[in-house]
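A short reminder: the numbers here are calculations on the coordinates, not readings from a lab. Remember, it's a predicted structure, so these values are computed and weren't measured experimentally. Ideal geometry is used to build each Cβ from the backbone, glycine not excepted, and the neighbour counts take in all protein chains shown.
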Amino acid sequence: MFWGLSEALDLIEEYLRITGDCCENADISKNDDKGSGKKERNNEEHINILLFGSNDPRHVIKTIAKLYTHREKGFNSVINFYIIDGCVEIVARNMLLLGIALENPETINVRSKAHLFMDVYGNSLLRPFSHQYLMAKTKSLLKMITDSEYLQKLAPFISIEGLKYRERDGLLNALNFWMPKSENIFNIKQYWSDRVRKLLGTRYDYREGQFDWDLNMVLKDRGASQICSQEYRHWRETGIAFTFPEFEYHLPNKTLSAGLVRNGEQYFHRGYVGDIQTGPFVNFGLTTSDKRMLKSAHGENDYRSTDITERNILELFHELTSQTPYEHDLTHSHKYGSVRLQMSKILTSTNNDVMVTLSDYEHPWIRANGVQINFLSTECVFTMQNNNSRWTEFFDIIFVSHNYFSFLKESFVSIMRSPSILIFEGKLLCTERKDVVDNFDEKLLSFGKGNNLKSVINYDAINAKRSHFKFKKIN
């Protein structure tokens, strides 16, 4: 919850590579919302993408950022994202993270935006600047949800029409809870500590040894070798994943709240119920095209997963803004992989310690031409699996996260057109036992085989660790 167990994907690249399609004669059909939902061949090409339970917008951000590279090769299709998540607070958080990624460059520069995104995305406590930005952005999001004209003005490519009215009310509750009101307390330091104590039980006093085991004997063995011991141990202890010596983190990140129920002016909630074992490192921080940053010596990385995450997000945000290739200046990256940083004591603060000084702004979000992002109700995943629904043969690309696979029925594949691809997220990058991971992988493979989907590779013949399982429907 709050982030996935797999790296961000350029879904258009995956689609073109797996289906063998080419931009000049791509046989992709027009989105038909008025009829039965089935597609008709038409000169206006659409690719419909379903993200089911991805928990964050990493695939949306990377796909849009890399879209210009496909446009240069003649790819002209309209991209329609359809996003379903099981928790309305996740929907609110996804809108916020997309808002940061697509923030107008007149408001904030690319490097500041990258650090802001990393703060909100992966840290339980925020810097004062990030907290101020969150308050200002929350005001804007509240107005977008309640004023359709304002939404069209700032982000016309965002649609919440697929959400039920009660889900829109849930969005308002989440956003209102994020605002700095004295009654909206979110003591995430205590919630985090309680979760760790409950998980470890009698092993709590020896937790550093358990943290090192989970990282060095489990996660690194499964492909997460870029994560450094110090950053992982600090995250497991505090919930702060991405740290830089020049910043202080002490204000609660309320976007990590869940289960909000309004009670007068106050809110009941479930505290922090997200991941406390893997972390947000795997989504952007395990590998990069810049091989200089992947070097290690004697088992120590030159750069942390935090530094890889920073570099990758800088690339994506640069491409979103300029639509040009990114060249990284290595002197701007902290080379802290083998350095033992002195972690200062985390300051105690309340929500009222920082006054909101950022003025309201009305700059339109960055928009990639030919992209539409639609948030759907959680109920849609059930109606999609009914025979002859409007979604039949509708989607070209589908991504399903590991914790939402159990909701799928055999009829789920009826929403796939031909050709199309289905990407399952595996449990490789978790700390569960190997037999649990292997059994889940077998379920994914069995689902694909049982529904006559063709594996992209022969998973039975290749003994490799994989965080994704990819299938295609060709008839």
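Straightening the chain between Asn104 and Ser193 buys 28.3 nm, computed as 0.36 nm per residue apart minus the Cα-Cα spacing. Distance between the pseudo-spin-label points of Tyr150 and Val436 (7 Å out from Cα toward the beta carbon): 4.3 nm. Within the shell defined by Cβ-Cβ distances under 10 Å, the residues around Phe405 carry a net charge of +1, with Lys and Arg each +1 and Asp and Glu each -1. Treating each Cα of segment 415-475 as an identical point scatterer and summing with the Debye formula, the log10 of I(q)/I(0) at q = 0.12, 0.17, 0.27 Å⁻¹ comes to -0.29, -0.57, -1.20. What the Cα convex hull of segment 370-471 gives, in volume per residue, is 130 Å³. Quote the FRET efficiency, to the nearest 0.05, computed for Gln372 versus Asn76 with a Förster distance R0 of 22 Å and r equal to the Cβ-Cβ distance. Computed FRET efficiency for Gln372 and Asn76: 0.90. Sum up the charges of everything whose Cβ sits under 14 Å from the Cβ of Gly448, counting Lys and Arg as +1 and Asp and Glu as -1, but leave Gly448 out. The answer is +2. Inter-part distance, segment 365-383 to segment 268-302, computed on C-alpha centroids, equals 28 Å. Cα-Cα over 28 Å: which of Lys66/Lys454; Lys143/Lys181; Lys73/Lys291; Lys62/Lys139; Lys113/Lys427; Lys66/Lys153? The answer is Lys113/Lys427.
Three principal axis extents of segment 179-329 based on alpha-carbon atoms, in descending order, are 53, 45, 27 Å. D by Stokes-Einstein for segment 131-259, Kirkwood Rh over Cα pairs, 20 °C, 1.002 mPa s: 120 µm²/s. In terms of overall dimensions, the C-alpha atoms belonging to segment 38-188 reach 56, 37, 29 Å along their principal axes, ordered largest to smallest.
Which net charge results when you count Lys and Arg as +1 and Asp and Glu as -1 among the other residues whose beta-carbon is under 11 Å from that of Glu265? Every neighbour counted, the sum reads +1. With N set to the number of residues, divide the alpha-carbon radius of gyration of the chain by 2.2 N^0.38 Å and report two decimals. Cα-based Rg divided by the globular estimate yields 0.96. If the segment from Lys181 to Glu246 were pulled out straight at 0.36 nm per residue, it would be longer than the present Cα-Cα gap by 20.6 nm. With a Förster radius of 35 Å applied to the C-beta separation of Lys449 and Arg390, the computed FRET efficiency comes to 0.80.
The length gained on full extension between Ile457 and Ser338, counted as 0.36 nm times the residue separation minus their Cα-Cα distance, comes to 39.1 nm.
Note down the magnitude of the dipole of segment 368-466 about its Cα centre, charges +1 on Lys and Arg C-beta and -1 on Asp and Glu C-beta and zero elsewhere, to the nearest 20 debye. If you can, show how the numbers build up before the last one.
On the way: 11 positive and 11 negative charges, 19 e Å.
The dipole magnitude comes to about 100 debye.
With r as the distance between the Cβ atoms of Ser411 and Glu161 and R0 = 25 Å, compute the FRET efficiency 1/(1 + (r/R0)^6) and round to 0.05.
Details: r = 25 Å, r/R0 = 1.00.
Efficiency for this residue pair is about 0.50.
Over the chain, dividing the summed -39,500 (n - 2.57) contributions of all DSSP H runs of at least 4 residues by the number of residues returns a 222 nm mean residue ellipticity of -10500 deg cm²/dmol.
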